[in-house]
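The values are calculated or read from the model by the stated rules, or taken from the named source; none is laboratory data. The shown structure was predicted, so the numbers you read here are calculated from the model rather than taken from an experiment. Because the Cβ atoms are built from the backbone with ideal geometry, glycine has one as well, and the counts that use them run over all protein chains shown. All accessible areas refer to the heavy atoms of the entire protein, side chains included, with ligands and DNA or RNA removed. Shrake-Rupley method; radii C 1.70, N 1.55, O 1.52, S 1.80 Å.
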Amino acid sequence: MDEAATAERVPSYVFTTASVEREHQFDAWLSIMRPLVAMTPHSPVERGFSARSLAWDLGPLALTHTTMPALDFRRDAIRLRADAVDHWLLVAPRRGSMRSEAGHRAGAGLCYVRSMHRVSAGSTTDFDAVALVVPRDFCPAGARGLDALHERHVASQLGGLLADYMHSLERQLPRLGAEHLPAVVAATRAMLIACTAPGPDTLAEAMPVLQATQLERAKRFIRQNLLSARLGVRELCRHLGMSRTALYRLFEPLGGVVHYIRAARLQDAHRALSSGTDMRSIYEIAAERGFLEPSEFSRAFKRHFGYSPSEARHEGRLIPVRPVGKRPATVTHLAELLSALA
């Protein structure tokens, strides 16, 4: 039997209004959120309220991925007394934004902090966000910093890294087993403290996680801009907010940043050539990826793959596609998970 198939997965719980009649969708959503926060949708409830929340139980933490329409929210004194949930909520939007009643706003690329033990109110636009639920005793060293950030976002550079880490963690959790949770929790604690209470010691402890997050951020930028003529060291430094020296150090284990970009472009050219759908000439495909000399492209391609571009096209050699794990579809009460956190 496949060991991976029998490994215990990280517990997860999903709630969606998709199967509820349109006019009752908001009531269904409110039924799981009412214990934590009051909500008022921006659109009439008769139009429907298509929302979904997936929560991962990480033991002393919870990570959620939520999509929902625009609304106003309020966590009032009555709820504070009723549920005694004393956590921080760190929200990293992918799409849309969150605004506090005081006017502080956080959108994509930022990490917004709310202290659930304090009265708070605000609004969201149509929203897609990952959120980390952090109990007060999880990282005492970062408590003062997190409290000071109530209804604000983490400083831009560190906040961007923290948001990227949260998005990366959410993408990887479906493929992780429960045995990975201690390492995930330790890395998350180090990352939180480094980003909310930065200092020489905390940054040193979190450096492996920070570097891994920066590297993934750089790789994602390269993938998204692979066909851009501007893609290079200068553009990467500008996007990541780091020096050339730091960027070179980051990519050193991968053979260097220029080598990585070149290899990524060759891989993308291979996909196009072997797809059977891109019928442009080989050198049109090469030029689109920055290889302007046909002979240079042929040599580089053959060194990288061991065969020529024309062989890749004619023999239909395909790049293996890594399977993506399916997310569980268990329904539970989100408020219960948050209340049960240590």
*asked:* Tell me the net charge near D72. Cut-off is 13 Å between Cβ atoms, D72 excluded, with +1 for each Lys or Arg and -1 for each Asp or Glu.
replied: +1
*Quickly rank 135-147, 236-248 as a protection proxy: mean count of other C-beta atoms within 10 Å, highest first.*
135-147, 236-248
*Give a residue-ordered list of calculated ³J(HN,Hα) values for the range 97-103 (Karplus: 6.51 cos²θ - 1.76 cosθ + 1.60, θ = phi - 60°; whole Hz; x for Gly, Pro).*
8, 10, 10, 7, 4, 7, x
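Using just the Cα positions, wrap the chain in a convex hull and report its mean projected area in square nanometres, one decimal place. Please list the in-between numbers first.
Numbers: hull surface 84.0 nm².
Taking the Cα atoms of the chain, their convex hull projects to 21.0 nm² on average.
Whole number in Å², please: accessible area per residue of the chain, 1.4 Å probe, ligands, DNA and RNA not counted.
For the chain, the per-residue accessible area is 50 Å².
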*Short version: ³J(HN,Hα) in whole Hz for each residue of the range 137-154, in order, from phi by Karplus 6.51 cos²θ - 1.76 cosθ + 1.60 (θ = phi - 60°), x for Gly and Pro, what are they?*
8, 6, 9, x, 5, x, 4, 4, x, 5, 5, 5, 8, 3, 6, 9, 9, 5
_Starting from 0.36 nm per residue, how many nanometres of slack lie between D83 and R95 once their C-alpha separation is accounted for?_
1.4 nm
*Net charge of neighbours whose Cβ lies under 13 Å from the Cβ of A178, counting Lys and Arg as +1 and Asp and Glu as -1*: -1
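Roughly how many percent of the accessible protein surface of the chain is carbon and sulfur, given a 1.4 Å probe and a whole-percent answer?
54
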*asked:* Per residue of the range 58-73, what does 6.51 cos²θ - 1.76 cosθ + 1.60 with θ = phi - 60° give for ³J(HN,Hα)? Whole Hz please, x for Gly and Pro, Karplus curve as stated.
replied: 9, x, x, 9, 9, 10, 10, 10, 10, 10, 6, x, 4, 7, 9, 9
*So, in Å, what gap is there between the alpha-carbon centers of the range 143-174 and the range 215-290?*
27
*Please tell me the relative contact order of the chain in percent, rounded to the nearest whole number, where contacts are Cα pairs under 8 Å and at least six residues apart.*
17
*Do the sum for the chain: with -39,500 (n - 2.57) for every DSSP H run of n ≥ 4, divided by all residues, what is the mean residue ellipticity at 222 nm, to the nearest 500 deg cm²/dmol?*
-13500 deg cm²/dmol
_Test item: Cα-centred dipole of the range 10-100, Lys/Arg +1 and Asp/Glu -1 on Cβ, debye_ = 280
*Filter the DSSP H helices in the chain by two things, a Kyte-Doolittle mean of at least 1.0 and an axial alpha-carbon span of 18 angstrom or more, and list the hits by number.*
181-196
*In what sequence, highest mean first, do 291-298, 125-132, 24-31 appear when ranked by Cβ atoms within 10 angstrom?*
125-132, 24-31, 291-298
